[in-house]
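Here's the structure we're looking at; comments come further down.
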Amino acid sequence: MHWFYQSIAAALLIVPAWLAVGFFQKNFGLRSEIFLVWYMVGVIPGVCFLDGKIFSSSLPIIVIASTILGGLTFGAISNIWIFHAVSAAPNPGLPLALLGITNVLVFVGAAVLGRILPKYFEQAAFDYHHLLGVLLVAAGTALIAIKR
């Protein structure tokens with residue numbers, strides 16, 4: 001499946017999870033970080049089942065350890081904070097819109113890293129047409145964040 005359609009499908013599939021955070025908090029007193037843990041307990045075997053190649057490659061232990069360490073730090077902290085924000089916000093879509101700011105950082109960062117460190121990063125497509133689209137999304141995010 002083309003990356004564009006995968007992105008749209010993934011976005012549609014994640015909507016119920018984001019809406020469920022508030023539902024479970026309100027109806028069962030389930031704190032957002034506990035929801036996150038149980039949700040991820042379902043994600044891990046699901047990914048392993050749906051992509052049977054997860055354990056088929058022989059990666060060096062340093063690569064596996066580095067990936068796990070990244071998940072334990074960046075992944076854990078960012079997910080705890082965003083799940084907290086979703087459960088505390090007046091509308092769960094607001095924190096997710098603010099999370100969209102990462103689009104600009106990743107879009108520009110990928111292009112810069114691909115150019116200055118080509119040994120470690122793939123050359124990322126970069127043109128002003130796509131940059132304008134990403135900036136428009138960021139501008140919309142800023143409008144959402146501005147409180148009247």
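List of remarks:
- Mean Kyte hydropathy of -1.0 or more with a Cα span along the axis of at least 30 Å, helices from DSSP in the chain: 3-28
- For a modelled paramagnetic label at H2, 7 Å from Cα along Cα-to-Cβ, no residue of the range 120-137 is in reach, as no backbone nitrogen comes under 14 Å.
- Each helix, a run of at least 4 DSSP H residues, gives -39500 (n - 2.57); summed and divided by the residues of the chain, these come to -24000 deg cm²/dmol at 222 nm.
- Within the range 77-147, the trypsin sites (Lys or Arg not before Pro) that combine a DSSP coil assignment with at most 16 other C-beta atoms in a 10 angstrom radius are K119, K147.
- Gain on full extension, evaluated as 0.36 nm per residue between L30 and L12 minus their Cα-Cα distance, stands at 4.1 nm.
- Placing dummy labels 7 Å off each Cα toward the beta-carbon, the span from A124 to L69 is 2.3 nm.
- Loop trypsin sites (Lys or Arg not before Pro), the range 1-89, which have at most 10 other Cβ atoms in a 10 Å radius of their Cβ (DSSP): K53
We did not get these values from a lab; they are worked out from the coordinates using the rules stated. The shown structure was predicted, so the numbers you read here are calculated from the model rather than taken from an experiment. Glycine gets a Cβ as well: all are built from the backbone with ideal geometry, and neighbour counts include every protein chain shown.
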